[in-house]
1. Could you tell me which of the residues 210, 194, 111 is touching a helix residue (DSSP H, G or I) at 6+ places or on another chain (Cβ under 7 Å) and either crowded, with 18+ Cβ neighbours inside 10 Å or outside any strand (DSSP E or B) (or both)?
2. If I filter the stretch 164-179 for residues that are in a helix (DSSP H, G or I), at pLDDT 90 or above, under 30 Å from residue 124 (Cβ atoms) and out of contact with any helix residue (DSSP H, G or I) (no Cβ under 9 Å at 6 or more places or on another chain), do I get at least one hit?
3. Can we say residue 148 is touching a helix residue (DSSP H, G or I) at 6+ places or on another chain (Cβ under 7 Å), surrounded by fewer than 17 Cβ atoms within 10 Å (Cβ to Cβ) and either without any contact (Cβ under 8 Å) to a residue 12 or more places away in the chain or on the phi > 0 side of the Ramachandran plot (or both)?
4. Which condition number in (1) within 19 Å of residue 191 (Cα to Cα); (2) in a helix (DSSP H, G or I); (3) touching a strand residue (DSSP E or B) at 6+ places or on another chain (Cβ under 9 Å) is the one that residue 130 fails?
5. Has the stretch 116-127 got any residue that is at pLDDT 85 or above and touching a strand residue (DSSP E or B) at 6+ places or on another chain (Cβ under 9 Å)?
6. Are any residues in the stretch 50-70 at pLDDT below 75, surrounded by 10 or more Cβ atoms within 10 Å (Cβ to Cβ) and part of a helix (DSSP H, G or I), and if so, which ones?
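The values are calculated or read from the model by the stated rules, or taken from the named source; none is laboratory data. Every value quoted in this text rests on a predicted model; they were computed, and no experiment measured them. Note: ideal-geometry Cβ built from the backbone for every residue, glycine included; neighbour counts use all protein chains shown.
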């Protein structure tokens with residue numbers, strides 16, 4: 001507790017002494033995310049306008065504003081803490097290093113949360129889903145790859161505590177998988193899985209390759225939301 005109070009007091013001291021514009025800190029994360037949140041950029045300008053606006057008509061918008069405010073506070077806190085890296089007190093410098101690492105992680109998480117809040121929601125986001133995997137180009141290696149991907153989704157469902165029920169499973173002669181489908185149900189299952197659909201590719205040396213050559217194999221994933229209501233159309 002004492003170390004936290006000391007760090008807060010030191011931050012305030014350096015904030016008063018700092019002259020000129022604060023230098024921009026490049027936090028951890030991928031370059032595209034940093035470009036999105038760059039000062040003066042369109043996303044940063046949009047967030048600043050949302051924070052400055054008093055009209056909060058939607059709950060989702062209110063949540064976005066709250067996260068954007070927290071991000072701004074954490075970035076300010078990080079800039080103030082960076083000044084302590086040049087302090088003469090070695091203990092204070094170590095505290096600052098630990099605090100900077102913690103701030104960087106929190107800032108990265110907040111940016112990721114903002115991006116998720118900006119993605120438009122769909123009516124089917126709360127729905128359960130049907131997962132289908134099919135081996136593509138690559139022969140037996142593609143089937144092995146398909147088996148690994150299907151097992152990966154099953155483990156992910158277990159991690160998320162979703163219900164996973166295998167509906168179809170057609171294995172190959174070498175332990176691979178030709179085609180399989182499964183029913184996955186749980187909180188926001190479709191929301192988290194809907195972007196997995198498409199063609200997936202792997203480049204590696206197959207287990208059956210004796211000369212060490214790299215092969216390219218593909219498989220396809222289909223994500224279909226399960227309907228919550230069924231409508232029967234009767235034709236006279």
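1. On the way: 210 fails: touching a helix residue (DSSP H, G or I) at 6+ places or on another chain (Cβ under 7 Å); 194 fails: touching a helix residue (DSSP H, G or I) at 6+ places or on another chain (Cβ under 7 Å).
Only one candidate passes the filter, namely 111.
2. Pass one, the stretch 164-179, residues in a helix (DSSP H, G or I): none.
So far as the stretch 164-179 goes, no, none of its residues is in a helix (DSSP H, G or I), at pLDDT 90 or above, under 30 Å from residue 124 (Cβ atoms) and out of contact with any helix residue (DSSP H, G or I) (no Cβ under 9 Å at 6 or more places or on another chain).
3. On the way: touching a helix residue (DSSP H, G or I) at 6+ places or on another chain (Cβ under 7 Å): no; surrounded by fewer than 17 Cβ atoms within 10 Å (Cβ to Cβ): yes; either without any contact (Cβ under 8 Å) to a residue 12 or more places away in the chain or on the phi > 0 side of the Ramachandran plot (or both): yes.
In short, no.
4. (2)
5. Yes: one or more hits.
6. Looking only at the stretch 50-70, we keep the residues that are at pLDDT below 75, and these are 50-61.
Adding the requirement that they be surrounded by 10 or more Cβ atoms within 10 Å (Cβ to Cβ) leaves 50-51, 53, 56, 60-61.
Within the stretch 50-70, 50, 51, 60, 61 meet the criteria.
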